Amino acid sequence: MRTSPYRAMAFRRDARRLTVSAPNGELAVWDTSDPERPRRAGRLRLGRGIVAAAWNPAVEDMLATASIDGTGAVWRLRDDRPPQLFVSWAALPDRPRHVGWVAGGSWVYVMTGDGRTSVWDVGSGACVGLADLSGGRPVLAAHYRGDEVVIVTESGWARAWHPKRRPGEWVRLTGKPVSACTWSSTLLVAAGVDGQATCFDADFRSVQALRVARERPRALACSEDGRLVASCGDTWAVAVDRSGTVRWETTLNTMSVRSIDIAGDLIAVCGPQPRPTLLALTTGAELAV
């Protein structure tokens with residue numbers, strides 16, 4: 001997600017843990033098992049500060065992070081124990097912007113904002129691949145598709161890369177700049193500055209158009225089944241279903257919201273402060289401030 005101040009926020013799939021970066025470089029871990037009373041459950045720091053985080057899609061207590069100095073790391077965050085650094089490595093010589101998992105959660109990619117990427121095997125510690133994926137185009141978002149890393153640029157292009165092969169061909173998603181995008185298990189949703197969005201399948205084919213907001217969305221999140229897309233701006237959040245129907249709109253007490261994520265039946269939003277705000281997925285009701 002873009003715009004400043006950037007907040008690395010990652011919601012675990014079971015909605016019981018949420019990580020949010022702080023201005024001092026720490027990554028705060030929140031216990032959200034009681035969404036009306038979230039509490040601090042730990043804090044992580046590595047290198048010159050953590051700027052991106054992503055939960056493993058297969059092992060729920062493993063978290064990948066990337067730090068300002070280019071350090072990549074994997075942590076074990078068991079619910080009943082203090083956070084444990086599992087492994088770390090010098091992933092990139094420059095500041096990363098994105099981190100994530102590929103190959104079923106056995107490889108980790110670390111990427112700069114202009115697409116320079118390294119992929120590492122967590123088990124062996126070996127570098128699986130290195131590539132410049134965007135040719136200098138600013139990367140808005142990165143994700144995975146099986147064993148491939150997928151990027152979406154701010155100018156509306158997408159590209160997939162298997163770390164053991166050459167980067168794939170560029171795909172033109174839209175002729176307009178992309179303000180925010182998100183993924184579900186089956187969809188990529190890319191929204192423009194006017195709040196109009198397009199849904200794409202795994203092969204980057206357009207399958208549906210939606211209006212996700214009345215104005216420029218700062219960030220998007222999609223439910224795992226792809227049935228609901230939520231977006232946020234400075235002081236608002238809205239959710240629409242796949243028919244384009246607005247399910248709810250809410251004004252947020254949190255100011256300057258920059259990040260949004262969905263897990264289970266909860267939505268987390270975050271602004272300049274590391275403390276998250278939690279919303280009910282079905283109603284948008286604010287559960288904790």
The residue from Ser243, Ser223 that alone is among the polar types (S, T, N, Q), modelled with pLDDT of 90 or more and buried (at least 17 other Cβ atoms within 10 Å of the Cβ) is Ser223
Only one of Arg218, Arg137, Arg172, Arg214 is in contact with a Gly (Cβ under 9 Å, 6 or more places away or on another chain), at pLDDT 95 or above and not aliphatic (A, V, I, L, M), namely Arg172
Exercise. Considering every residue within the stretch 262-285, establish whether at least one is in contact with a Ser or Thr (Cβ under 8 Å, 6 or more places away or on another chain), farther than 15 Å from Ala8 by Cα and among the polar types (S, T, N, Q).
Key: no
Assess whether Glu215 counts as being over 20 Å from Ala15 (Cα atoms), touching a strand residue (DSSP E or B) at 6+ places or on another chain (Cβ under 7 Å) and surrounded by fewer than 19 Cβ atoms within 10 Å (Cβ to Cβ). no
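Please work out if Leu187 is under 18 Å from the mean Cα position of the chain (by Cα) and not assigned by TED's automatic domain parsing to the domain that holds Ala73. Explain how you work it out, then say what you get.
Details: under 18 Å from the mean Cα position of the chain (by Cα): yes; not assigned by TED's automatic domain parsing to the domain that holds Ala73: yes.
Yes: the conditions hold for Leu187.
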Residues of the stretch 43-66 being in contact with a Ser or Thr (Cβ under 9 Å, 6 or more places away or on another chain) and part of a strand (DSSP E or B), in sequence order, are Leu44, Ile50, Val51, Ala52, Ala53, Ala54, Trp55, Leu63, Thr65
Pairing a residue in the stretch 252-277 that is assigned by TED's automatic domain parsing to the domain that holds Ala52 with any residue that is modelled with pLDDT of 85 or more and surrounded by fewer than 16 Cβ atoms within 10 Å (Cβ to Cβ), where Cβ atoms lie under 7 Å and the two sit 6 or more apart in sequence or on different chains, gives none
Requiring at least 2 residues that are over 26 Å from Ser206 (Cα atoms), the strands (runs of 3 or more DSSP E) wholly within the stretch 101-161 are 107-112, 116-121, 127-132
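Which residue out of Arg76, Arg81 is of a type in the set (D, E, K, R) and either in contact (Cβ under 8 Å) with a residue 24 or more places away in the chain or over 20 Å from Trp120 (Cα atoms) (or both)? Let's see the steps before the verdict.
Numbers: Arg76 fails: either in contact (Cβ under 8 Å) with a residue 24 or more places away in the chain or over 20 Å from Trp120 (Cα atoms) (or both).
Result of the check over Arg76, Arg81: Arg81.
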Per the list (1) in the same structural domain as His162 (by TED's automatic domain parsing); (2) surrounded by fewer than 18 Cβ atoms within 10 Å (Cβ to Cβ); (3) over 16 Å from the mean Cα position of the chain (by Cα); (4) not small (Gly, Ala, Ser), residue check on Pro57 breaks on (3)
Of the conditions (1) surrounded by fewer than 24 Cβ atoms within 10 Å (Cβ to Cβ); (2) touching a residue at least 40 places away in the same chain (Cβ under 8 Å); (3) of a type outside the set (Phe, Trp, Tyr); (4) within 20 Å of Arg13 (Cβ to Cβ), the single one that Ile68 does not satisfy is (4)
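The values are calculated or read from the model by the stated rules, or taken from the named source; none is laboratory data. A quick note: this is a predicted structure, and the numbers were derived from the prediction, not measured. So basically every Cβ, Gly included, is an ideal-geometry build from the backbone, and we count neighbours across all protein chains shown.
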